[in-house]
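Data first, discussion second: the structure below is written as structure tokens.
The values are calculated or read from the model by the stated rules, or taken from the named source; none is laboratory data. Computed from a predicted structure; not experimentally measured. Don't worry about glycine lacking a Cβ; one is built from the backbone with ideal geometry, like all the others, and counts go over all protein chains shown.
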């Protein structure tokens, strides 16, 4: 079975999480500079089989799209052009950064490491992927 790959898309960097090959466990993989994301995905997919992309869908409290969606839409078009055989599922990502930060506190990660926004993005991608796995 192929993996599912989740992306927490951001203006500067993107958190990446993947499942195991059985699609049971979501794990944070890395953080990639946004400008390098498509080339990173191409390289990753040369080594790993991916059957689905799960991309966070940023929304405001009342459910309307946030300003970040304007950045994600062009990326999704490029993603679909480059990997047209792999479907994309969108998952509501409201509060994932807050949940990620709280998870870091609860797990005993030091204050210095909690300031690492790349780690927050990676954990956020993992939360997005876990949400997808739980609700599919």
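Numerical summary
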| item | result |
| --- | --- |
| Unmet criterion (only one of (1) outside any strand (DSSP E or B); (2) farther than 25 Å from residue 136 by Cα) for residue 21 | (2) |
| Given (1) assigned to a helix (DSSP H, G or I); (2) modelled with pLDDT of 95 or more; (3) under 20 Å from residue 124 (Cα atoms); (4) out of contact with any helix residue (DSSP H, G or I) (no Cβ under 8 Å at 6 or more places or on another chain), index of the condition residue 70 fails | (2) |
| Test set (1) farther than 16 Å from residue 121 by Cα; (2) touching a strand residue (DSSP E or B) at 6+ places or on another chain (Cβ under 9 Å); (3) surrounded by fewer than 16 Cβ atoms within 10 Å (Cβ to Cβ) - residue 33 fails condition number | (1) |
| Hits in the stretch 41-59 - residues which are in contact (Cβ under 8 Å) with a residue 24 or more places away in the chain, surrounded by fewer than 17 Cβ atoms within 10 Å (Cβ to Cβ) and not in a strand (DSSP E or B) | 42, 45, 48, 49 |
| Among (1) crowded, with 17+ Cβ neighbours inside 10 Å; (2) modelled with pLDDT under 95 - the single one residue 106 does not satisfy | (1) |
| Only listed residue being assigned to a loop (DSSP other than H, G, I, E, B), touching a helix residue (DSSP H, G or I) at 6+ places or on another chain (Cβ under 8 Å), in contact (Cβ under 8 Å) with a residue 12 or more places away in the chain and surrounded by 14 or more Cβ atoms within 10 Å (Cβ to Cβ), chosen from 10, 28 | 10 |
| Qualifying residue in the stretch 93-103 (condition: touching a strand residue (DSSP E or B) at 6+ places or on another chain (Cβ under 6 Å), modelled with pLDDT of 70 or more and surrounded by fewer than 18 Cβ atoms within 10 Å (Cβ to Cβ)) | no |
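Yes or no, residue by residue, for (1) surrounded by 19 or more Cβ atoms within 10 Å (Cβ to Cβ); (2) modelled with pLDDT under 95; (3) in a loop (DSSP other than H, G, I, E, B); (4) in contact with a helix residue (DSSP H, G or I) (Cβ under 9 Å, 6 or more places away or on another chain):
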residue	(1), (2), (3), (4)
17	yes, no, no, yes
37	yes, no, no, yes
63	no, yes, yes, no
74	no, no, no, no
89	no, no, no, yes
